[in-house]
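One structure is given below, encoded as structure tokens.
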Amino acid sequence: MKVKDAMHKGVDWVSPDTPVTELAKLMREHDIGAVPIGENDRLIGMITDRDLVCRCLATGLDPKTTTARDVMTKGMVFCLDRQELDDAARLMQTKKVRRLPVINAKKRMIGMLSLGDVYHAAPRPISKEAMQGVSGHHR
């Protein structure tokens, strides 16, 4: 099975200058746990609900003045739409990430692959291994 057959379609990114409060509202409104960050037609990072809590609130930053750039995870781990789902699952496991932006041949983000997508679409041995690898205790 290909990544494109399991991913969520129609994902957008936001600017790194987006306030943290707006990111939290987006996550709530769309029932998502991560938002890709883009600038100059490139993905430059990802911000998760965990980033909002651990890098903003827990450190005492003001969510009204803090932006995505201040608390995002920099760099991008992604997969390709034509990639095999088990390869993407192994990438998630190796990189310890729960979500991967999906890029097409034109280098455009066309979706998001979540650990839940892998769990529901991949054969059980692959999905179980990915779930255990990503969800395991981080040291």
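The values are calculated or read from the model by the stated rules, or taken from the named source; none is laboratory data. Keep in mind it's a predicted model, so treat the numbers as computed, not measured. Positions of Cβ are generated from backbone atoms using ideal geometry, with glycine treated the same way; all protein chains shown enter the neighbour counts.
The table that follows gives values for the structure above.
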quantity	calculated
Val118 vs. criteria modelled with pLDDT of 95 or more and either under 17 Å from the mean Cα position of the chain (by Cα) or among the charged types (D, E, K, R) (or both)	no
Residue satisfying all of: in the range 37-76; assigned to a loop (DSSP other than H, G, I, E, B) and in contact with a strand residue (DSSP E or B) (Cβ under 6 Å, 6 or more places away or on another chain); modelled with the lowest pLDDT among these	Met76
For His138: the one exception among (1) more than 12 Å from the chain's Cα centre (by Cα); (2) at pLDDT 95 or above	(2)
Of all residues making up the range 37-84, the number that are over 19 Å from Leu113 (Cβ atoms), charged (D, E, K, R) and in contact (Cβ under 8 Å) with a residue 24 or more places away in the chain	5
Single unsatisfied condition, Ala130 versus (1) in contact with a Lys or Arg (Cβ under 8 Å, 6 or more places away or on another chain); (2) in a helix (DSSP H, G or I); (3) modelled with pLDDT of 90 or more	(3)
Residue, farthest from Leu115 (Cα to Cα), within the range 9-21, restricted to residues that are of a type outside the set (S, T, N, Q) and surrounded by fewer than 15 Cβ atoms within 10 Å (Cβ to Cβ)	Asp17
Selection from the range 77-86 of residues that are of a type in the set (A, V, I, L, M) and either modelled with pLDDT of 95 or more or surrounded by 18 or more Cβ atoms within 10 Å (Cβ to Cβ) (or both)	Leu80, Leu85
Filter result (more than 19 Å from Thr48 (Cα to Cα), in a strand (DSSP E or B) and either within 13 Å of the chain's Cα centre (by Cα) or of a type in the set (A, V, I, L, M, F, W, C) (or both)) within the range 77-96	Leu80
